[in-house]
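Read through the structure below, which is laid out as structure tokens, and then see the notes.
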Amino acid sequence: MKFSLVRYFAAVAFLIAAGAGVASLSSVSLSASAQTPEGQALLAETDELPTGRMVDSTQTNARGEEVALKILQDGSGAYYLADNVRNIYLFDLRSNTSRDLREIYRSETGSFSDPYAVSAYEIMIRVYDLYAEGELFGTPLKGITGKDDDVGGNHRAHGEIPLCVLLYYGQGYANASFEYDEPSGTAFFNIGNGNLSGPLFHQAAATDILAHEYQHAITVMNTDLVYLNAAGAFGEAISDIAGALAEGHEPDEVEFWQTGEDAAPPGATPMRSAIVPDKNCRLNAKNAYRFCNLDHEHSGCDYGGVHYNCTVFTHMQYNLWRKLPSVFTRRTIGRLWFSTLFSLPSEATFGEIAECFYSAAESLGLGQDALDAVERTLFESGLTAKEGEYHLVMFYDTVPNVEAFGQALETVCVKDGEDASLPASPDNVYTERKIYTFLGWSENYANVRRDEIVRAKYSEEDRYYTVRFEDEHGELLKEEKVLFEESATPPAPPVKEGNEIYVYPFTGWSQSFETVREDLTIRPVYEEEKRIYTATFLSDGQKFGVSLYTYGDTVKLPDLSDKTKDASVRFAGWYLDEDCTQSAGDVEVTGNVVLYAKWENVEEKGSGAAIALAVTLPSVLVAAAAVAAVFAVRRKKGKRR
């Protein structure tokens, strides 16, 4: 006899494509035969769960926020990430993939260092309270109530059952799932982290993922809906809707229609989108993923495409909201879907789900306009059929050779012989190498006599990029159109005028313009240098020497204090004017400067002394020239190339 474990395993999954960094849905392999030995419960008796009192604490979640949370403290003083009022318990499976109670999150200090565990606990409490309050669903659902069963010949009536959240579940398990273990009457929420790491990439920190799995628990424990084909797809869809409601987004926010956007790595798409689903997902029941027979092994076909076909329902709701956004608010959407769920037969078909959805809209008293919109949208989604006089026209955006495009934009209901109303024109598409310009639609949207697929038409042309060369003030010097990965040709470098202090030599351009791959704006780059000036030394109208100085330097005056022209004339200093009336002193260079040597007569105190000190001007000039030559030779010898 097979064991009595009743296992419902419904998953929101994403698979990181190698090198692509894009999140996409994956089918989930499920097999009850490989789970637990016959007759063995997944969890020991519930009285082994910790007991005690709830106390206040402050913890840090995956967003780095400090949050106030009540946690459980037992009689020994130990603390747990657990709530015995709401029956929520968190387990850490990093070192043990079994459901051993010793792996429950426990702390001696009351502080928990795993921010993802704190986030998961915080989210589970918030989701629990959202359902218990019931405003969005039309009925309060306090916790998860187990189904009555017969175990060992004894009838058991379950009340609220333990909700065990298993973090780091599995090995490389980039997925989340719900399981119900009938022998122990326990709900398990398996949260894997797979190969993800970093802030918010762990699924435990994603509100919509945990709420999605919580809704699976509600569906399993409160209805007989099978996890197969159209019925299973609706189960996945209402879990996506529940995740959106729990996140708190409004329908006019794109995040309301996405699933798992907070768990996706940078640059990746959400796990699912009701606006423009992944290419593997379905927009219309008429092209639904293949179904399976009830007696078929379902693991290889995603249980009849439950993860692929669920977007038929969520996309239908998105289009319904677009028609009447003031009617289909968060509250109306939540109540409409819950009312539908609790009226479905266990093996509901697309048509039966559509009938229950319409009846739920009637029972909510939404009004005739809303009912007409519901009827029309269900038909446009392929969920219902109208007699001969109506056709479905699906508009597809099909850009040639661009795999990312080719999505269905809109499906409309058209009376036989009439023209379909056109959707908004898609934007032009720009790839690195090409520009695809929208030209219009294929002509089969007019005089519709059957179901049609209308495709967008585009022209294709090479893409050129604009390279602007500007001066430093933004004035255009040259503009050039450059083909992808070709090079631009620069203009002559503009000259930047200097001032008395600085000059600005051109050193290049602000960025490379070779191998152009985008529009560029390029400006010249200048180096600021202090201007160079000359200091010219004159004596008796003859040039004694010339030195170079930068602005602000102090001129070094040659010292000729012990020099004379002859026995009666001696050097008396440097002056700023030719008449030698303005002594030079310390000369700061602010421009070119000329300095004049002054000579004066010497009082004779003895012919011998005068003769000994006498140095003629020619000999001074010869000596200065010799010193300059030696200095130049030394500099030349010291230079390195």
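Listed residues Ile125, Ile71; which is within 19 Å of Phe188 (Cβ to Cβ), touching a residue at least 24 places away in the same chain (Cβ under 8 Å) and out of contact with any Cys (no Cβ under 9 Å at 6 or more places or on another chain)? Can you show your working first?
On the way: Ile71 fails: within 19 Å of Phe188 (Cβ to Cβ).
After applying the criteria, what remains is Ile125.
Scanning the stretch 331-361 for residues that are part of a helix (DSSP H, G or I) and open to solvent by 40 Å² or more (accessible area, probe 1.4 Å) returns Arg331, Arg335, Ser339, Glu352, Glu355, Tyr358, Ser359.
Selection of the stretch 341-392 for residues being aromatic (Phe, Trp, Tyr) and at pLDDT 85 or above yields Phe342, Phe350, Phe357, Tyr358, Phe379. In the condition set (1) in a strand (DSSP E or B); (2) exposed (fewer than 13 other Cβ atoms within 10 Å of the Cβ), Asn447 is compliant with all but (1). Evaluate the following for Ala408: is it modelled with pLDDT of 80 or more and either hydrophobic (A, V, I, L, M, F, W, C) or farther than 20 Å from Asp372 by Cα (or both)? No, not satisfied.
From the list Gly508, Gly498, Gly474, which one is open to solvent by less than 80 Å² (accessible area, probe 1.4 Å) and in a strand (DSSP E or B)? Write out each step before concluding.
Numbers: Gly498 fails: in a strand (DSSP E or B); Gly474 fails: in a strand (DSSP E or B).
Answer to the selection: Gly508.
When the strands (runs of 3 or more DSSP E) confined to the stretch 532-604 are screened for residues that are open to solvent by 40 Å² or more (accessible area, probe 1.4 Å) and closer than 26 Å to Gly498 by Cβ, those reaching at least 1 such residues are found at 532-539, 542-550, 593-601.
Against the definition (surrounded by 13 or more Cβ atoms within 10 Å (Cβ to Cβ), at pLDDT 90 or above and either assigned to a loop (DSSP other than H, G, I, E, B) or among the aromatic types (Phe, Trp, Tyr) (or both)), how does Gly110 come out, yes or no? Considered against the rule, which asks whether it is surrounded by 13 or more Cβ atoms within 10 Å (Cβ to Cβ), at pLDDT 90 or above and either assigned to a loop (DSSP other than H, G, I, E, B) or among the aromatic types (Phe, Trp, Tyr) (or both), Gly110 comes out as yes.
Let's see how each residue does on (1) within 30 Å of Tyr596 (Cα to Cα); (2) at pLDDT 95 or above; (3) not basic (Lys, Arg):
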| position | (1), (2), (3) |
| --- | --- |
| Pro493 | no, no, yes |
| Glu500 | yes, no, yes |
| Arg517 | no, no, no |
| Phe537 | yes, no, yes |
| Gly541 | yes, no, yes |
| Lys556 | yes, no, no |
| Asp559 | yes, no, yes |
| Lys563 | yes, no, no |
| Ser568 | yes, no, yes |
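Number of residues in the stretch 511-525 that are in contact (Cβ under 8 Å) with a residue 24 or more places away in the chain and assigned to a loop (DSSP other than H, G, I, E, B) equals 8.
Of the residues that make up the stretch 512-522, is at least one surrounded by 14 or more Cβ atoms within 10 Å (Cβ to Cβ) and out of contact with any strand residue (DSSP E or B) (no Cβ under 8 Å at 6 or more places or on another chain)? Before the answer, list the steps.
Within the stretch 512-522, the subset surrounded by 14 or more Cβ atoms within 10 Å (Cβ to Cβ) is 513, 516, 520-522.
From what's left, out of contact with any strand residue (DSSP E or B) (no Cβ under 8 Å at 6 or more places or on another chain): none.
No - not one qualifying residue is present in the stretch 512-522.
Of everything in the stretch 172-188 that is part of a loop (DSSP other than H, G, I, E, B) and closer than 21 Å to His202 by Cα, the residue that is modelled with the lowest pLDDT is Gly172.
Matching residues to (1) at pLDDT below 95; (2) open to solvent by less than 30 Å² (accessible area, probe 1.4 Å):
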residue: Gln35; (1), (2): yes, no
residue: Glu38; (1), (2): yes, no
residue: Ala41; (1), (2): yes, no
residue: Met54; (1), (2): no, no
residue: Gln59; (1), (2): no, yes
residue: Tyr80; (1), (2): no, yes
residue: Leu93; (1), (2): yes, yes
residue: Asn96; (1), (2): yes, no
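Quick check: anything in the stretch 159-171 farther than 29 Å from Pro270 by Cα, part of a loop (DSSP other than H, G, I, E, B), open to solvent by less than 20 Å² (accessible area, probe 1.4 Å) and at pLDDT 90 or above? Yes - at least one qualifying residue is present in the stretch 159-171. Among the residues of the stretch 419-428, are any open to solvent by 30 Å² or more (accessible area, probe 1.4 Å), hydroxyl-bearing (Ser, Thr, Tyr) and closer than 15 Å to Tyr396 by Cα? Looking for residues that are open to solvent by 30 Å² or more (accessible area, probe 1.4 Å), hydroxyl-bearing (Ser, Thr, Tyr) and closer than 15 Å to Tyr396 by Cα, one finds at least one in the stretch 419-428, hence yes.
The values are calculated or read from the model by the stated rules, or taken from the named source; none is laboratory data. No experiment lies behind these values; they were computed from the predicted model shown. Every residue, glycine among them, receives a Cβ derived from its backbone with ideal geometry; neighbour counts consider all protein chains shown. Note: areas computed on protein heavy atoms with side chains; ligands, DNA, RNA excluded. Shrake-Rupley method; radii C 1.70, N 1.55, O 1.52, S 1.80 Å.
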